[in-house]
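K.L.:
Before I ask anything, let me first share the structure, which is written out below as structure tokens.
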Amino acid sequence: MKPALLEVMRMNRICRMVLATCLGSFILVIFYFQSMLHPVMRRNPFGVDICCRKGSRSPLQELYNPIQLELSNTAVLHQMRRDQVTDTCRANSATSRKRRVLTPNDLKHLVVDEDHELIYCYVPKVACTNWKRLMMVLTGRGKYSDPMEIPASEAHVSANLKTLNQYSIPEINHRLKSYMKFLFVREPFERLVSAYRNKFTQKYNISFHKRYGTKIIKRQRKNATQEALRKGDDVKFEEFVAYLIDPHTQREEPFNEHWQTVYSLCHPCHIHYDLVGKYETLEEDSNYVLQLAGVGSYLKFPTYAKSTRTTDEMTTEFFQNISSEHQTQLYEVYKLDFLMFNYSVPSYLKLE
């Protein structure tokens, strides 16, 4: 069979898979939300109309039927990542699809860009601040031009971005079928250590110390001092792990988004993501998304050296004092994220 014909057959298979997945994804959503304001046409500071892509190819078209050779090469990599997610969901269907119905609360992490037909599921501790900044530029109709001029605190104000749970069910279904859906993931335990370092070792995170630190110390530390119980600002990583694997924790309330699993935040077994970016290839994957959206010529993912970034070496050190029993239990909590996004079992783990 000729290579060209094989390629056509492959693309047809992909398109059928995408369409079937999207059509089946959200028919079961049972809550209703009224749609928000209609878009208004403005011009951005680059002199390019960023509303209404009429006459141009959509990101989905660029992804699944790329014209440019460099996009074609990258598309193969992302097809492999999509296949990995699909295969994992199928192999672990009993675990990954416990609930057959998603509610609006499950959609609060999916940020919508109407103008460029994008849906981004943000995952804390995976460059979500910079991606929220980018989404504010893309959806701001010229209000913002440089992502790095947007304060981090402003990027995390929920009112500055529109999420999928703010739409009616027909509007949700339409966007899930027609828009390019993407997310960014990270090695699960590196992300976990990053969350711990940020939320429990930084003195300014008083709200986390009060809400979670005091609870963790009370539950996990024997002979805790009254000051530790009151402040909750000196949680040890071993105590944090013990808290995460404690069955009482999961029964009590869902994990905080900073250490919740990606499959629970973004529901990749219910929602077909067209593109899975990785923290390890953050800049390349991010700029690929921007290329597909047609803005890559004037908008790039912001990069800067961050000396405090959690690394693999750092993660290894944090796990040195975790017992093999607790390591095994913790791996089970995050196992689907490891499998789904093709991260191997860390060499430092001593699994039972």
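The values are calculated or read from the model by the stated rules, or taken from the named source; none is laboratory data. Note that the coordinates shown come from a computational prediction; the quantities given were computed from them, not determined experimentally. The area values use the complete protein model at the heavy-atom level, side chains included, leaving out ligands, DNA and RNA. Shrake-Rupley method; radii C 1.70, N 1.55, O 1.52, S 1.80 Å.
K.L.:
Report the Stokes-Einstein translational diffusion coefficient (µm² s⁻¹, integer) for region 59-341, Rh taken as the Kirkwood radius over Cα pairs, at 4 °C with viscosity 1.567 mPa s.
P.N.:
After rounding, the answer is 64 µm²/s.
K.L.:
Here is a follow-up. Could you please state how large a percent of the accessible area of region 59-341 is carbon and sulfur, counting protein chains only and using a 1.4 Å probe?
P.N.:
Ligands and nucleic acids excluded, carbon and sulfur give 49 percent.
K.L.:
Additional query: Rounded if a/c is under 1.5, else prolate if a/b beats b/c, else oblate: with a ≥ b ≥ c from the C-alpha gyration tensor eigenvalues square-rooted, which is region 65-163?
P.N.:
oblate
K.L.:
Run the reach check for LYS143 against lysines, Cα to Cα strictly under 21 Å, same-chain hits fewer than 8 apart removed. What comes back?
P.N.:
Straight-line reach from LYS143, under 21 Å: LYS132, LYS162, LYS300.
K.L.:
Another question, then. Could you work out Rg/(2.2 N^0.38 Å) for region 102-240, with Rg from alpha carbons only?
P.N.:
Region 102-240 yields a ratio of 1.30.
K.L.:
I need the semi-axes of the equivalent ellipsoid of region 194-237: take the C-alpha gyration tensor, multiply each eigenvalue by 5, square-root it, list largest first in whole angstrom.
P.N.:
Rounded to whole Å, the semi-axes are 16, 10, 8.
K.L.:
Right, here's the next one. Starting from the Cα of LYS231, draw a straight line to each of the lysines and keep only those under 26 Å, dropping any in the same chain fewer than 8 residues away.
P.N.:
LYS125, LYS199, LYS203, LYS210, LYS215, LYS218, LYS222
K.L.:
When only alpha-carbon atoms are used, what values of Rg and Dmax, in angstrom, describe region 206-352?
P.N.:
18.7, 59
K.L.:
Which ³J(HN,Hα) values in Hz, rounded to whole numbers, follow from the phi angles of region 226-239 under the Karplus curve 6.51 cos²θ - 1.76 cosθ + 1.60, where θ = phi - 60° and Gly and Pro get x?
P.N.:
5, 5, 5, 5, 7, 8, x, 9, 9, 5, 7, 4, 4, 5
K.L.:
Where only protein heavy atoms count, and the probe is 1.4 Å, what is the accessible area per residue for region 59-341 in Å²?
P.N.:
About 43 Å² of surface per residue is accessible.
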